[in-house]
Structures are given as C-alpha cells and as structure tokens.
C-alpha cells in the first residue's frame, strides 16, 4: 500500500512539472528590437573569461544602439539590438538547456558564443540543430569546423593561425640569433594535439628541428619535460597550458635554469593575473594576441576608452573583450546586409563577411577557420606588447637571456 | 484510484509535447527524468544498500560512451540505450567489485578514486569532441528523446518501487542497517552488494545513454566529470534517501529551482540554491519526501519514519 502511494506521488510530481512548465506568453507583433542571445559562464570555474566575453558583447551592443541601431531594409527602419545573456555556471549541460530557452522562449535570431572550447562545443551543436547562426570566439579547436556545420562562425585565430604566427615570428629573427630547435610541450587534449600536428608540419616545412614532450591535462610537475628540453638545447618553446600550469612551468624552468630564447604560451599567459603571479619572471613570455588594447583598427580606441570608463579599476583589459566586441560588429553588419530578420538570410549574409573589426580584418571561409589576424604579444616589464605581425607591432620581440643574466 | 491517477498522469506526459511546442520545456522535463534515473541509481546503492558511492560519474560515463558508440555504429536508439546500461554493468562490476571489500568512508574514498581514474583515463586516452554524424543529425528529434527519457524515467520509478519491497530490497536494507546483524541472519552480504552495484550501474548507464542520445556534441570526458557523482547524491538527500519518491522530488527541486533561480536572480542563484540546500538538510534531514510523508500520512508509521 505504501509502495502504491509512493509511486503515485512520483507520478503526481511529474504532472506538477508539466503544469509548472506550461508556457504562458504570446507571440510578438511588429518587431521593436532584434533579439540576440548568449549563454556565457558568469559563475563557476570559467567565470573570469565569461565576464570578459559578456563585457565585450554589452559594450558593442551599447555602441550600436547608441548609434541608432541596425537598419533593416525589409522593415524600412532602424532597430536596436536586444541582448539576452544567461549564465551556464560553466556547465555544458546548462549551456545546451539555456540555449534552448533562448531559441524557443526568447526567440533569438542569432546566438553569440560563450567562453572556452568545452562550453562552445556544446553550444554550437545546439545552434546547428536549431538552424540558428552562432558567432563565437575563445574556441581554438578547428575540428569543430570540419563537421560541415552551416551555421557556425568563429572570427577567432585558431590552432593553425596560432602556430603559423609562432613560426612566422621565428623566421623573422636574424639568422645568427634564430632558434634552430623547438620544443613542443604537447597538451594531451584536442587543442594541444591539433597544435602539435601543425607544429610538426611547419617545423618540417621551414627547417626547424623539433622535440615533443607530452603532458596530461592535470599535470603540475613538468621537471622531466623541462630537463629533456634543456638537454636537447631547444631554444624555442611552444605550448598551450592552462594559466596555473603556465605559472608552474615558468617557476620550474627558473629552478632548473632552462631559458629558451622564445616561449609562447597560448592561453596560459594571456591575462594580467599572469604578471601578478610571476612578476619579472613573466618577462619574455609570449601570449595570445587575438586582440590587444593597442591594436590600431577602427573602433578599438572607443572600445578601450569606454571599457576603462566602465571598469576604471582594470589594469589590463582581458583578451576576450575585443573578439567578443568584434562578433557583435560582424553580426550587425550581416543583419544590415541581409536586410531582414530571417535567420537563413542572416546566415547567408554572414558567409560573405569581409570587413574590418576592432581586432582587424575578418573574412569567413566555407571550408575552415576564418581569415583573421592572429597577433602575438610579449610580456615586457608588466605590459603586453604586440610583437607580431610587424605592421601593428608596438615593440620588437625580445629574446630571453639566461636566468643568471636577468 | 492509484491506477487511475497514474494513467491520467502518464497520459498528461504523453500529450505534453502536443500542446507545448517550445523545446526548452521538453528539455527541462528531459533533465528532470535524466537526473531522476541517475539519482534512483545512487539511491539503490546508497539509500537502500547503504553503500555511499562517489563513483557514479564512472558508471554514468561508461554508459554514455557505450550508448553513443553503439548508436553511431548503427544500433537503433532503444538498443543503443540498453547497450549503455549493459556496458556500464560490465565495466563497473569488473572494476568496482574490488572496492566492495572496503567499508564505510573507505568505500566512498575508493569509489571516488575509481571515478577520478576513469575521468583522467578518458581525458588522456579519448581527447576531443564526439560529434554526431551529419546523417544522424538530420534525423534528430527532441520529441522522440523526450518520450524515451520519460518512458525510462517512469519505468525506473516502477522498478525501484518493486525492488524496495522485494526480497532483494529487504536484504539490501538490512545490510544498510547493520552488516554484521544481516550476515548473522544468513544474508550473503557480498552477493547483495554486487547485485545492488549491478542494478545501480545499469540505471546509471541508462541515464548516461540518455545523455549520449540527447547531446549533439560533447567532449568525451564530460559524462565522466565528478559532478555526475555529486549531483545524484545531492538530489537524493534533498528528496529523501532510501525512498522511491526522493530522487524524483529531488530532481524536480534541483532542475526546476536551479533553473528558476538562475534565470531570475542571475549570479546570486548559486548562493540562493546553496542556502536552500543547507536549509533542507538542516530542517528536513529525511528530505522533502520525509516532509511530504509526514504531512500526508502523519504519525510515526509513515514510510520515511520506518527507514
């Protein structure tokens, strides 16, 4: 008897769920705004990056709306963007569920991406399923673009662009000083492995010797890898460590007296916290230059000025702010070009994107990553200087001396 | 009377997608069902048999990958789902049975270690994303997944209800109450622990399978994340450990409250939900089902009072 009541109670709860979830909203009439949605990690382990992404989106939407909105030819009027941002708590399950809310309840026309490959991969598949254009940054794994997805647009330098910039910079160093041997500390995750393939291919093509040391995602002790690179006299180091790993790497490299002339830690050395943790030991380390405050492209000065006015306590603007801002610029241009609020037409307009954003020129290709500028930045006395490409460089690349001479 | 209400509610769930077109709401019921099945899985092992497992992420993950690969290889959805359950039982029994030699906190630590080893192994050996092939993507339908998940959820309720009052269920409860006393009256402790683990793994594998057929693409380590160990534990304690009602009530509370808080309170929601959880544990140590049971039946003969 008790069992029957218990089971009945369970069924009643299901009914309660059904009733709770019954929607009660009416369809809108003539559009007064253009709904755009993003699910971004604002809490949890990826919140720091998510907040930068959110700030970039909000500032771009603020600027576009302040300038009068986007002209939609079909309606013969300008409409403001309405940005709806939901938090996924750094959980890909919630990313998917909340993107469904944005699509089916808030009726967004376009999705903007979240932060990190892990969350963006969950998001982009929902966008593809819902046939809704998705514009996202802070994802560097190109494999996502090899799936024939039609609605995914990533105006961001990915693994191929990252490794190419590294080799281009090495090639630009005078021959007598140029490193001959490269060490790749290869992260055993999709991004690290993908970079590893590019590094191996380019090293062979450009005549560099290569040694590869592999490490797992949670590794904290890199001493054996460092000693192997030191013994092999590798003068350049490439890796994509997480921020705590990149801090640990430099500390251990100093202890073991290994100082390659060129070190690139994509992701690991991007943020101001890196300098805070290491101080002068962070000098000479290069980081991701998808965007920088000092980039000379139109609109970047306004972005930096208004960002710093809003967050005066910030010492260095997070890299994701610029690419996120650029995503909204690209979207606005595509809507204007489409002249319509139809998802398919916006998607078709996005495909033909060829414009200059705050992070430089962006052009999408049908069969792979977008054509974008991937800069490299280097920590030089507490500031990140753009050292690549040469036409926007704010400083020359400095080759690291041995630890004993710093 | 009970059968009438049950039929009515089943009918309501069957008709729900016909009236509610927004996939978001179907998605929420899907998640309630998924967490309910996973929590039932934890409840069989932890709530009925008294084995506090922190290894459910491994059960869930193995089920998810087994089902995903079977589905991509061409198995129909129900068969792939079953493969998820069976795959989880096989791997879990192989790796998990040695942990049954441990008792109490040591067992919890042992199973947590098992889950962490599984996570690290998958992170390193199976890096990358599992994307759905375009041909499967083209035929993807949320409604069919909704029906499968709700169907499995209802079946899990009936199964755990029957199990609890069966001879096996009573043996499990006696192990939970006092292992030595249970052994003294002739219950084969190890055998029943293995049975509980296998049932638990099967249910967790089914839940993992549902995850695998629902999400279009995911990093292979995601279903092995430790949150899949902690969430069912949390849900079962919110709802009421050792009861049939508890996991369902806990899942409803977990999914709907968290979603409502997250959408209405933004970043504050995490603190609010944490506070709600602490209040539930403080004031309703037998979970929400204990509270409902008291209110509904009253007196000391209610179900949770008997636990």
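Any read-out appearing in this document is the output of simple, stated calculations on the displayed coordinates, not a laboratory observation. Being a predicted model, the structure only gives us computed values, none of them experimental. Every residue, glycine among them, receives a Cβ derived from its backbone with ideal geometry; neighbour counts consider all protein chains shown.
How do B:233, B:226 line up, fewest other C-beta atoms within 10 Å first? Taking fewest neighbouring Cβ atoms as first place, the list is B:226, B:233. Legend: mean number of C-beta atoms from other chains within 10 angstrom of residue C-beta atoms, peptide B:245-254, equals 3. Other protein chain C-beta atoms within 10 Å of residue C-beta, averaged over B:255-267: 3.
Across all C-alpha atoms in chain B, the radius of gyration and Dmax reach 19.2, 59 Å. The angle between the Cα long axis of helix A:190-206 and the longest principal axis of the Cα atoms of chain A comes to about 40 degrees, rounded to the nearest 10.
Projecting label points 7 angstrom from Cα along Cα→Cβ for residue B:94 and residue A:356 puts them 6.0 nm apart. Applying 1/(1 + (r/R0)^6) with r as the Cβ-Cβ distance of residue B:275 and residue A:395 and R0 = 56 angstrom yields a FRET efficiency of 0.65.
I need the peptides B:280-289, A:49-58 ranked by packing, meaning the mean over residues of other C-beta atoms within 10 angstrom, with the highest value on top.
A:49-58, B:280-289
If you count, for every residue in B:16-24, the Cβ atoms of partner chains within 10 Å of its Cβ, what is the mean?
Counting Cβ atoms of other protein chains within 10 Å of each residue's Cβ and averaging gives 5.
Between residue A:366 and residue A:242, the simple spin-label model (points 7 angstrom out along Cα→Cβ) gives 4.0 nm. Length available on full extension from residue A:314 to residue A:280: 0.36 nm per residue minus the Cα-Cα distance, which gives 10.3 nm.
Volume per residue of the convex hull around the Cα atoms, evaluated for chain A, comes out as 168 Å³.
The distance between label points at residue B:19 and residue B:158 comes to 2.3 nm (points 7 Å beyond Cα on the Cα→Cβ vector). The packing ranking of peptides B:130-139, A:292-301, highest mean first, is A:292-301, B:130-139, where packing means the average number of other beta carbon atoms within 10 angstrom of each residue.
Rounded to the nearest 0.05, the FRET efficiency derived from the C-beta distance between residue A:403 and residue B:126 at R0 = 45 Å is 0.70. Applying 0.36 nm per residue to the separation of residue A:178 and residue A:232 and subtracting their alpha-carbon distance, the gain on full extension is 17.8 nm.
So if R0 is 51 Å, what FRET efficiency would residue A:214 and residue A:342 give, r being the distance between their Cβ atoms, rounded to the nearest 0.05?
Efficiency, from the Cβ-Cβ distance: 0.60.
Of A:313, A:74, the sequence from fewest to most neighbouring Cβ atoms within 10 angstrom is A:313, A:74.
If you take the Cα centroid of segment A:320-370 and the Cα centroid of segment A:109-166, the two points sit 13 Å apart. Each eigenvalue of the Cα gyration tensor of the protein assembly as shown, multiplied by 5 and square-rooted, gives one semi-axis; in descending order these are 48, 32, 21 Å.
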